[in-house]
Amino acid sequence: MSCSRPGLFRAHGAAVALFAWTLAACVGGTDAPRSRPEAIAPQAEALAADPATPRANQIGSGSVKVALIVPLTGQGAAVGTALRNAAELAFEDFQKPDLSIVVKDDRGTPEGAREAAQAALAEGAELVLGPLFAANVAAVGAQVRNAGKPVIAFSTDAAVAARGVYLISFLPQSEVDRVVDEATAGGRRSFAALIPETTYGNAVEAQFREAVARKGGRLVGIERYAPADPGAAVERLKGVIAGPGAQADALFLPGAVDGLVTMGAALTRAGFSPSRVRPVGTALWNDPRVLALPAFQGGMFAAPDTAGFASFSQRYQARFGATPPRVASLGYDAVSLAAALSRQYGTQRFTDTTLTVPSGFTGIDGTFRFKPEGASERALAVYEIRGNAAAVLSPAPKSLGPSGI
């Protein structure tokens, strides 16, 4: 793949002319297929066996030292390898910036993460990218911050965010805010919800309640359910969401794909009509199995714009011979951000003030920013399910407003 013009990585509201490619400007396309983890590990072995490839524990040899802590062995090794590959791709696209990225294997464990962070700090790392898992982020956050260095981690659990421990990941809270905003803008005011009894469910319920209240909506019913057995909860809420007397005009349905498939069948049995009560959800809906469910047709969900990842996926496959997992773009953006800030802001490159600039930054998956308490906000698109496929209903905004998306 070739492209005729370089792109821009935006920081502090101004376009910083760097040498990374803005991939979405180069190649159009739809969402790439999800990766098969087993396809990534053999590629990592091939790279390690090739003497022409860079050393596995370091990318670049610049004066600004950054650590990348990911699982290269143990739990999550396939994803960790993809994050490392994406970091290398970003380094190459920036035409080898003044970075030295030391890659540390946390073995997928908190103890491994602590050891990796200790070694990285001893080697002079100014910034830690990673870890991937929430428990590992919690294990290293205080250690790194006590050393006066920031963390930009890949976990999706907002509970491990803190001042100086920033999450670049796709947090469901931003998705909930965006889809509720869109639903209310379309005239929906009465919300019901069926939420799984999971950690994810706990997180999105709190955000859902807050978002509905902020937009002046009202909650007419919320039920929790065991992911494998939503039938009883659907029956309890049936009078609110089904039939001509339905009180709700929107039904929030978060959850993992398997649970959503089971939920879809239960809603159909209960006589639920998505044309009467509009289903709304999060980015986990973007799966062919969910998009084909009769109970979800006409529903809408918030997710990052897919064009940027589709372009990144093509470049990744050309470079590494494997399809990247969805989170791999975070590794690319984390290294791109480190390179951009290092090039522009000198000794202030990784301060909290620099990292939490309200205008945020633009990467592969659109505009994002870090909040002072460590969580992130993203500019997201809203998709509508039409004919068993996802179509853009409301494009992702190019910038983030003062109070959120």
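The values are calculated or read from the model by the stated rules, or taken from the named source; none is laboratory data. Since the model is a prediction, treat every value here as computed from it, not as a measurement. Glycine gets a Cβ as well: all are built from the backbone with ideal geometry, and neighbour counts include every protein chain shown. With ligands, DNA and RNA removed, areas are computed over all heavy atoms of the protein, side chains included. Shrake-Rupley method; radii C 1.70, N 1.55, O 1.52, S 1.80 Å.
Quick notes on this structure:
- Number of the condition not met by GLN348 [criteria: (1) modelled with pLDDT under 95; (2) closer than 19 Å to LEU127 by Cβ]: (1)
- Checked against (1) open to solvent by 50 Å² or more (accessible area, probe 1.4 Å); (2) closer than 21 Å to SER190 by Cα; (3) out of contact with any helix residue (DSSP H, G or I) (no Cβ under 7 Å at 6 or more places or on another chain); (4) not aromatic (Phe, Trp, Tyr), GLY243 passes all but condition (1).
- Flag for GLY221 being part of a helix (DSSP H, G or I), modelled with pLDDT of 95 or more and either among the β-branched types (Val, Ile, Thr) or open to solvent by less than 40 Å² (accessible area, probe 1.4 Å) (or both): no
- Looking only at residues of region 352-384 that are among the acidic types (Asp, Glu) and outside any strand (DSSP E or B), we find that the one that is least open to solvent (accessible area, probe 1.4 Å) is ASP365.
- Which numbered condition GLU182 fails, given (1) open to solvent by 10 Å² or more (accessible area, probe 1.4 Å); (2) within 30 Å of TYR383 (Cβ to Cβ); (3) not hydrophobic (A, V, I, L, M, F, W, C); (4) not in a helix (DSSP H, G or I): (4)
- Of all the numbered requirements in (1) over 30 Å from GLY124 (Cα atoms); (2) in contact (Cβ under 8 Å) with a residue 24 or more places away in the chain; (3) open to solvent by less than 50 Å² (accessible area, probe 1.4 Å), ALA391 misses one, and that requirement is (2).
- The set of residues from region 330-351 being open to solvent by 10 Å² or more (accessible area, probe 1.4 Å) and over 23 Å from PHE133 (Cα atoms) comprises SER342, ARG343, GLN344, TYR345, GLY346, THR347, GLN348, ARG349, THR351.
- LYS149 satisfies every condition listed in (1) charged (D, E, K, R); (2) surrounded by 21 or more Cβ atoms within 10 Å (Cβ to Cβ); (3) outside any helix (DSSP H, G or I) except (2).
- Exactly one residue among GLY387, GLY374, GLY366 is farther than 25 Å from ASP177 by Cα and of a type outside the set (D, E, K, R), and that residue is GLY387.
- Region 289-329, residues that are touching a Ser or Thr at 6+ places or on another chain (Cβ under 9 Å), open to solvent by 10 Å² or more (accessible area, probe 1.4 Å), modelled with pLDDT of 95 or more and part of a helix (DSSP H, G or I): PRO294, GLN317
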